[in-house]
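Written out below as structure tokens is the structure these notes cover.
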Amino acid sequence: MSVNDTDTGLIRARDPLADDRSPGTGRAGRATAWFSVGFRVSLGAVIAYLLVRAVESLQSILLVTVLALVIAISIDPLVRALTRRGVARRWAVTAVIIGLVLVMGGLAALFISPIVNETNALTRNVPVWLQQLHDHHSTLGKLEDRYKIIEKAKQELSSSGGSSVLGGVLGAGQLVISTLTGVFLTLTLTLYFLAGLPTLKGFCLRFVPGSKREHAAGLTDEILLRTGRYMLANLATSVIAGVATFIWLVAFGVPYPAALGVFVAFMDLIPLVGSTVGGIVVSLVALVVSWPIAIATAVFYIVFRMVEDYLIMPKAMKYAVEVHPLVTILGVIVGGALFGIIGALLAIPIAVGIGLVLDDAVFPAIDTR
């Protein structure tokens, strides 16, 4: 044995890990590893931040898309009813769409006439109001003498150069345009979802493992069915609220009973608070008739709300799905706080789907432990 071999053996005996070390496992190697980990974590954080910002910027579009999907699911039972009678799905969808267009057109006609009449009345009354402002014996003239309304309006226009008024007009115009765009986009997406709902469902089920796909398909059908039934039941109660409002207003001579009935029906679609807001608005409109009629209208809505909650709604929900009141309240509050009116509308259908998933998958797994 040579001296070199003896030295090598001594080195290996002193350091057993000498054979396992590579050139990159020293301090430099550890620094490189930590740098790689830090880079990956930072990159993941940046990507997550950008994704959150992208979702926030697309929040309105995502909400409109989900709303259109829920509307399509709600209408789908009508399409299924026609298909069970032997009608092809494309023709069933076409018939339902034509019916919806006719209904929406009739509702729009109810609103257009009152709006046009009110606009014409406002145009005719503006010169009269201006004349009364200069009449010191009229009510408007006394208000002008006390608060100097015309002088303050001129100062506001001169100080801001009309920018605030122009900004308000542009803001109102932008709101109208965005609302019309949202409605058109919602209707368009609803038509696409309604026509391709089976295809969309089949595509989503392809992400489920084959052994569980049949069960997932059955659960999906149950969620869609109960969600559609719930929305139709909610629509039925809203129609009852609108018809009751129309009859009451016609009986007591309150103006625009048809338009106000449609307004109450739309507001009643919003859980918990919608019918209350509608009742307040109609009671304020009833003030143009008399104070007693306005008070009687408010009492009517209080009584009707109790009848709706304890008689009409349980009967309608008998054919839909049971939703716990606490889930309804919390869902509407959270959905409304996060996403506004659309969130409140979507809260209960989403709660229905979550409840079915919990009953089918989560709770049985917990019970077997």
Quiz item: Roughly speaking, what is the centre-to-centre gap between the stretch 232-249 and the stretch 46-90 when only Cα atoms are used, to the nearest Å?
Solution: 26 Å
Self-check item: Full-extension gain in nm, Leu185 to Asn125, via 0.36 nm per residue minus C-alpha separation
Solution: 17.8 nm
Exercise. Once you have a ≥ b ≥ c as the square roots of the Cα gyration tensor eigenvalues for the stretch 179-277, tell me rounded if a/c is under 1.5, and otherwise prolate or oblate according to whether a/b is larger than b/c.
Key: prolate
Self-check item: Modelled label reach - Ala296, point 7 Å along Cα→Cβ, the stretch 248-262 residues with backbone N closer than 17 Å
Solution: 248-257
Quiz prompt | Neighbour cut-off at most 14 other Cβ (10 Å), DSSP loop, chymotrypsin sites (Phe, Trp or Tyr not before Pro), the stretch 182-270 | solution = Phe207
Exercise. Return the sequence-ordered ³J(HN,Hα) values of the stretch 276-286 in whole Hz as given by the Karplus equation 6.51 cos²θ - 1.76 cosθ + 1.60 applied to θ = phi - 60°, using x for Gly and Pro.
Key: 5, 4, x, x, 5, 5, 5, 5, 5, 5, 5
Quiz item: Want the number for Ile247 to Asp309: 0.36 nm per residue separation, take away the alpha-carbon distance, what's left?
Solution: 20.3 nm
Practice problem: Work out the FRET efficiency for Asp367 and Arg146 from their Cβ-Cβ distance, taking R0 = 51 Å, and round it to the nearest 0.05. | Solution: 0.10
Quiz item: Hey, rough spin-label estimate for Val87 and Tyr49, points 7 angstrom out along Cα→Cβ, what's it come to in nanometres?
Solution: 5.4 nm
Practice problem: Would you kindly state how much longer the chain becomes between Thr94 and Thr32 on full extension, computed as 0.36 nm times their sequence separation minus their alpha carbon distance, in nm to one decimal? | Solution: 16.0 nm
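None of the figures in this text is laboratory data; all of them are computed from the coordinates on show. In this text the structure is predicted, and so the values were computed from the model without any measurement. FYI the Cβ positions are ideal-geometry reconstructions off the backbone, even for glycines, and counts take in every protein chain you see.
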